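Participant: Sharing a structure here in structure tokens format.
The values are calculated or read from the model by the stated rules, or taken from the named source; none is laboratory data. As the structure is a computational prediction, the values presented were derived from the model and not from experiment. Note: ideal-geometry Cβ built from the backbone for every residue, glycine included; neighbour counts use all protein chains shown.
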Amino acid sequence: METTALSINKRISQVLGSSTLAITAKAKELKAQGKDVVNFAGGEPDFDTPDTIKEAAIQAITAGQTKYTPSVGTPQLREEIVRKFKEENGLHYKASQVVVGCGAKHSIFNLIQVLCDEGDEVLIPTPYWVSYPEMVKIAGATPKFVETTAATEFKLNPDLLNAAVTDKTRLLILASPSNPTGMVYSKEELEALAEICVRNKIWVISDEIYEKLIYDIPEYTSIASLNEDIYQLTFTVNGVSKAYSMTGWRIGYAAGNAEIMEYVKKLQDHSTSNPCSISQAAALQALREPKEKVDAMRDIFQARRDLITSLFDSIPEVSYIKPQGAFYVFCDFSKLGSSFDVAKRIIEEVNVAIIPGEGFGAPGYMRLSYATSNERIEEGVKRIAEWIKNNS
């Protein structure tokens, strides 16, 4: 019997698979086979969700909060997000400007679909989170990569941004702290970028999901808080996944221009409808958690960052820029060959999972997550060092 050629939507056919999810799946497969795998691939905290948050979810179930909510999120959660933005970020939104989504990824996806169309260019600094360009493709727009390097600390600067702007530029996606580099923009750096965006009337999606996990930096700045002009152009995205170790609960949120957020609401009405009602109750409790709980987890991550970077200091073939936030170290493995091939060999030969930089727009680099114990960090880097020694 002849097989009929599949006819796939043109936009979807151009979307690439996630390299992070692929490596993570390979690590789980090897572990299921009984292999002693050190997993540096994960993009989630290794801590459990706090018991107080779990209890809030249990109480919601017991109270029968198992029905549809408004598709944009419960009024209580949206008001709590308004409070969080005001008190923690100096951002003044109304609840009508907030849409709760099924994770920050979902919130970013919705915004890109609403803001962008065919012929539009979306500026994405490299290295970038793997999903940004694929979301842009799905919208029919064109991802335009703005290359940053170790010399610019993997951060966008005014010269790079000015050079990239054209009359087709519609949107800039800015992540601080960054996944995969862990770099954080200072207030002064954001002010310089904001001036260009305002002058050229460029929308900005500010991905702030790792906001609470910053190190050696006294104060975090949201770009929308700088002045009224950039506030009107910016959509601030955040969520509970990273700060409260709630990745599986799938709650994120976005806030911005009220008219645009109404279109985001309409899109969500006809796609997912509301995020999980029980997860929303848990997120409400998460945003009310004492600051000290988050700080305690952040301090552990900072100690792990210092540990993993100190271990790489003894491997001359590998270099890095010390991350200022999140829980990743982005290492230059270019002296060892193709990062895709190296990552493949390392997981197969010494059972250590790391993510090659190709998926982040940075060939030659590797992303390693230090969201694991000190013992596993030491064991994993030891195996990598031995592999390099045997293959150099």
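Participant: Which numbered condition trips up Pro45, out of (1) farther than 30 Å from Lys382 by Cα; (2) surrounded by 19 or more Cβ atoms within 10 Å (Cβ to Cβ)?
Facilitator: It fails just one condition, (1).
Participant: In segment 210-223, is there at least one residue being in the same structural domain as Lys84 (by TED's automatic domain parsing) and assigned to a helix (DSSP H, G or I)?
Facilitator: Applying the first criterion (in the same structural domain as Lys84 (by TED's automatic domain parsing)) to segment 210-223 yields 210-223.
From the residues that got through so far, the ones that are assigned to a helix (DSSP H, G or I) too are 223.
Yes, some residue in segment 210-223 is in the same structural domain as Lys84 (by TED's automatic domain parsing) and assigned to a helix (DSSP H, G or I).
Participant: Can you name the residue in segment 278-307 that is buried (at least 18 other Cβ atoms within 10 Å of the Cβ) and small (Gly, Ala, Ser) and, of all such residues, is farthest from Thr74 (Cα to Cα)?
Facilitator: Ala286
Participant: When segment 293-333 is examined, which residues are found to be in a strand (DSSP E or B) and closer than 20 Å to Gly42 by Cα?
Facilitator: Initially, segment 293-333 is screened for residues in a strand (DSSP E or B), giving 319-320, 325, 328-332.
The answer is Tyr320, Gly325, Tyr328, Val329, Phe330, Cys331, Asp332.
Participant: Quick test for you: out of Lys144, Lys201, Lys137, pick the one residue that is exposed (fewer than 15 other Cβ atoms within 10 Å of the Cβ), of a type in the set (Lys, Arg) and not assigned by TED's automatic domain parsing to the domain that holds Leu21.
Facilitator: Working: Lys144 fails: exposed (fewer than 15 other Cβ atoms within 10 Å of the Cβ); Lys137 fails: exposed (fewer than 15 other Cβ atoms within 10 Å of the Cβ).
After applying the criteria, what remains is Lys201.
Participant: Return the pair list, or none, for Cβ contacts closer than 7 Å from residues in segment 149-167 that are surrounded by fewer than 15 Cβ atoms within 10 Å (Cβ to Cβ) to residues that are among the β-branched types (Val, Ile, Thr) and not in a helix (DSSP H, G or I), at least 6 apart or on different chains.
Facilitator: Ala150/Ile321
Participant: Quick one: which residue in Ser176, Ser222, Ser241 is under 24 Å from Thr142 (Cβ atoms) and surrounded by 18 or more Cβ atoms within 10 Å (Cβ to Cβ)?
Facilitator: Being under 24 Å from Thr142 (Cβ atoms) and surrounded by 18 or more Cβ atoms within 10 Å (Cβ to Cβ) holds for just one of Ser176, Ser222, Ser241, which is Ser176.
Participant: Consider Ser206 against the criteria (1) touching a residue at least 40 places away in the same chain (Cβ under 8 Å); (2) touching a Phe, Trp or Tyr at 6+ places or on another chain (Cβ under 8 Å): it satisfies all of them except one. Which criterion is unmet?
Facilitator: (1)
Participant: Let me ask you something else. For the structure I just gave you, tell me whether Ala41 is of a type in the set (Gly, Ala, Ser) and within 30 Å of Leu368 (Cβ to Cβ).
Facilitator: Values: of a type in the set (Gly, Ala, Ser): yes; within 30 Å of Leu368 (Cβ to Cβ): yes.
So Ala41 passes the test.
Participant: Please return the ranges of strands (runs of 3 or more DSSP E) entirely within segment 70-186 where 2 or more residues are aliphatic (A, V, I, L, M). Break it down into steps so the answer makes sense when it comes.
Facilitator: Values: elements: 98-101, 121-126, 142-147, 169-175.
Ranges flagged: 98-101, 121-126, 169-175.
Participant: Determine if segment 238-257 includes at least one residue that is farther than 23 Å from Asp159 by Cα, in contact with a His (Cβ under 8 Å, 6 or more places away or on another chain), touching a residue at least 12 places away in the same chain (Cβ under 8 Å) and not in a loop (DSSP other than H, G, I, E, B).
Facilitator: At the first step, the residues of segment 238-257 found to be farther than 23 Å from Asp159 by Cα are 238-257.
With the extra rule that they be in contact with a His (Cβ under 8 Å, 6 or more places away or on another chain), the set shrinks to 250, 252.
Checking which are touching a residue at least 12 places away in the same chain (Cβ under 8 Å) leaves us with 250, 252.
Next, from what is left, pick out any that are not in a loop (DSSP other than H, G, I, E, B): 252.
Yes.
Participant: Going residue by residue through segment 54-75, is there one that turns out to be in the same structural domain as Tyr132 (by TED's automatic domain parsing), within 30 Å of Leu233 (Cβ to Cβ), touching a residue at least 12 places away in the same chain (Cβ under 8 Å) and loosely packed, with under 12 Cβ neighbours inside 10 Å?
Facilitator: Scanning segment 54-75 turns up at least one residue that is in the same structural domain as Tyr132 (by TED's automatic domain parsing), within 30 Å of Leu233 (Cβ to Cβ), touching a residue at least 12 places away in the same chain (Cβ under 8 Å) and loosely packed, with under 12 Cβ neighbours inside 10 Å.
Participant: Assess whether Asp269 counts as being modelled with pLDDT of 95 or more, surrounded by fewer than 17 Cβ atoms within 10 Å (Cβ to Cβ), of a type in the set (D, E, K, R) and not assigned by TED's automatic domain parsing to the domain that holds Ile214. Quick ask: steps written out before the conclusion?
Facilitator: On the way: modelled with pLDDT of 95 or more: yes; surrounded by fewer than 17 Cβ atoms within 10 Å (Cβ to Cβ): yes; of a type in the set (D, E, K, R): yes; not assigned by TED's automatic domain parsing to the domain that holds Ile214: no.
It is false that Asp269 is modelled with pLDDT of 95 or more, surrounded by fewer than 17 Cβ atoms within 10 Å (Cβ to Cβ), of a type in the set (D, E, K, R) and not assigned by TED's automatic domain parsing to the domain that holds Ile214.
Participant: Using the structure shown, decide if Ile12 is within 21 Å of the chain's Cα centre (by Cα) and of a type in the set (A, V, I, L, M). Working first, answer last.
Facilitator: On the way: within 21 Å of the chain's Cα centre (by Cα): no; of a type in the set (A, V, I, L, M): yes.
For Ile12, the condition - within 21 Å of the chain's Cα centre (by Cα) and of a type in the set (A, V, I, L, M) - is not met.
Participant: Quick one: would you say Glu379 is in a loop (DSSP other than H, G, I, E, B), at pLDDT 95 or above and either of a type in the set (D, E, K, R) or not assigned by TED's automatic domain parsing to the domain that holds Lys212 (or both)? Steps first, answer last, please.
Facilitator: Working: in a loop (DSSP other than H, G, I, E, B): no; at pLDDT 95 or above: yes; either of a type in the set (D, E, K, R) or not assigned by TED's automatic domain parsing to the domain that holds Lys212 (or both): yes.
Considered against the rule, which asks whether it is in a loop (DSSP other than H, G, I, E, B), at pLDDT 95 or above and either of a type in the set (D, E, K, R) or not assigned by TED's automatic domain parsing to the domain that holds Lys212 (or both), Glu379 comes out as no.
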